[in-house]
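Report on one structure; see the data block that follows.
The values are calculated or read from the model by the stated rules, or taken from the named source; none is laboratory data. The structure displayed is predicted, hence computed values, not measured ones. Every residue, glycine among them, receives a Cβ derived from its backbone with ideal geometry; neighbour counts consider all protein chains shown.
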Amino acid sequence: MADGAPPAHGGQRRWAAEAYGGDATRWLDFSANLNPLGPPQCVMEALRHGLGEIAFYPDLEAKEATRALAGYLGVAPGQLLLTSGGMEAIYLAVRALQPRLAIIREPAFSGYREALGASGVPALSFFGPARDLLTARIEPGTLIVLGQPGNPAGGLEDRTLLLALLGRLQGIGGHLLVDEAFIDFVERPEDHSLRKSANEPGLIVVGSLTKFYTLPGLRVGYALAAAEVLQALRRQMTPWSISSLAQLATVAAVSDASFVAESRRFLPPARREFATALQGTGAFAVTEGRANYLLLDATPSGIPAARWTRGAARRGILVRDASTFPGLTPYHLRVAVRTPAENGRLVQALAEIVRAR
């Protein structure tokens, strides 16, 4: 068994198999925040029927997939750039904007700091409420980055507040990058998303089909912004970065209204039931949030996150050690919401770890 630190991102089944033994395909993965109902069957069928497309170059501009995704999001195709996952959209935005400084609303996805660091942009952490950014001292040319909903806590910011913050940044030549990778898990995403405001100067909205449609292996993401900003992002992009299969999957996924309805009917009660069960162990304080994951504070148990992750891994289950998120403690974990049976299996495993301490 390996004792090295786990990877910075979730979903690393192969690393777990090497570290703990066993078959990489058999891990029950709560470390990656994916929709347990996906991928949609229509996507799998589209991929099977479209396998022959791998013998040809993909559409360089991904026109059909762009039109389909724009229709789903309710934006003009000219405001949308399809990317190889939401992560690429973040990297492209940083490279294109080249801000003097960035402020990250913490705790936050580590990919923001990775993208900023790759472009040599200094990043500051901001730990207060987002509304405090309206009055905080901000240097001209600053990029503010935050999640909507945030990761790992799953909280949502008031849309009016975010637009007010954008207005402040516009006045000093700054930009606001809003990561909506998990917005589709919210019961009424249109009430919280800034996608319809993406034509505003200074705003970039990035998103992903990876999580909601369970397509992490295909890397499907997007950026929304004014046309001139998208042109700057496109100039930073590697040609043919959106594969033919990713384009086919995008068209199929966003056409499946029944999958969206079923997911939004199933996941919120599953999340609430899961949060209640975890709280009932007495080992955790649970932050439920509005996405498909829960932030757990194991301080009541006296067991640090590293021991929880190792104990779960010995039982074939991956959970995310969230102590690596700035502002969190050595006792924080993050777990995805899966099916009730799978959630119950994790609760049972965590109860066994408590009894075995």
**Asked** Taking the condition outside the structural domain of Asp184 (by TED's automatic domain parsing), of a type in the set (A, V, I, L, M, F, W, C) and either over 20 Å from the mean Cα position of the chain (by Cα) or closer than 21 Å to Pro152 by Cα (or both), does Leu248 pass?
**Response** no
**Message:** Here is a check on your reading of the model: is Ala225 at pLDDT 95 or above and under 13 Å from Leu97 (Cα atoms)?
**Reply:** yes
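Select from region 1-46 the residues that are among the acidic types (Asp, Glu) and more than 21 Å from Ala108 (Cα to Cα) and write down the one among them that is modelled with the highest pLDDT.
Step one: list which residues in region 1-46 are among the acidic types (Asp, Glu), which gives 3, 18, 23, 29, 45.
Okay, now just the ones that are also more than 21 Å from Ala108 (Cα to Cα), so 3, 18, 23, 45.
Values: Asp3: 48, Glu18: 66, Asp23: 63, Glu45: 98.
Only one residue fits best here, namely Glu45.
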**Request:** List every residue pair whose Cβ atoms lie under 6 Å apart, where the two residues are 6 or more positions apart in sequence or sit on different chains, the first residue falls within region 141-170 and is touching a residue at least 12 places away in the same chain (Cβ under 8 Å), and the second residue, located anywhere, is basic (Lys, Arg) and in a helix (DSSP H, G or I).
**Result:** Leu161/Arg131
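Mind telling me which of the residues Ala270, Ala291, Ala298, Ala305 ends up being among the aliphatic types (A, V, I, L, M), in contact with a Gly (Cβ under 7 Å, 6 or more places away or on another chain) and either modelled with pLDDT of 95 or more or not assigned by TED's automatic domain parsing to the domain that holds Tyr91 (or both)?
Values: Ala270 fails: in contact with a Gly (Cβ under 7 Å, 6 or more places away or on another chain); Ala298 fails: in contact with a Gly (Cβ under 7 Å, 6 or more places away or on another chain); Ala305 fails: in contact with a Gly (Cβ under 7 Å, 6 or more places away or on another chain).
On inspection, the qualifying residue turns out to be Ala291.
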**Request:** Could you please find all residues in region 129-140 being within 28 Å of Arg334 (Cβ to Cβ), touching a residue at least 24 places away in the same chain (Cβ under 8 Å) and of a type outside the set (A, V, I, L, M, F, W, C)?
**Result:** Arg131
**Complete:** Selection from region 46-72 of residues within 27 Å of the chain's Cα centre (by Cα), touching a residue at least 60 places away in the same chain (Cβ under 8 Å) and in a helix (DSSP H, G or I) yields Ala46, Leu47, Glu64, Ala65, Ala68, Leu69, Gly71, Tyr72
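From the list Val75, Val43, which one is out of contact with any His (no Cβ under 8 Å at 6 or more places or on another chain), outside any helix (DSSP H, G or I), closer than 16 Å to Ser255 by Cα and not aromatic (Phe, Trp, Tyr)?
On the way: Val43 fails: outside any helix (DSSP H, G or I).
Residue meeting the stated conditions: Val75.
For region 144-174, which positions are in a strand (DSSP E or B) and either within 16 Å of Gly202 (Cβ to Cβ) or not assigned by TED's automatic domain parsing to the domain that holds Ala130 (or both)?
Narrowing region 144-174 to residues in a strand (DSSP E or B): 144-147.
Passing the criteria: Ile144, Val145, Leu146.
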**Item:** Any chance Gly117 is modelled with pLDDT under 95, out of contact with any Leu (no Cβ under 8 Å at 6 or more places or on another chain) and more than 21 Å from Ser193 (Cβ to Cβ)
**Value:** no
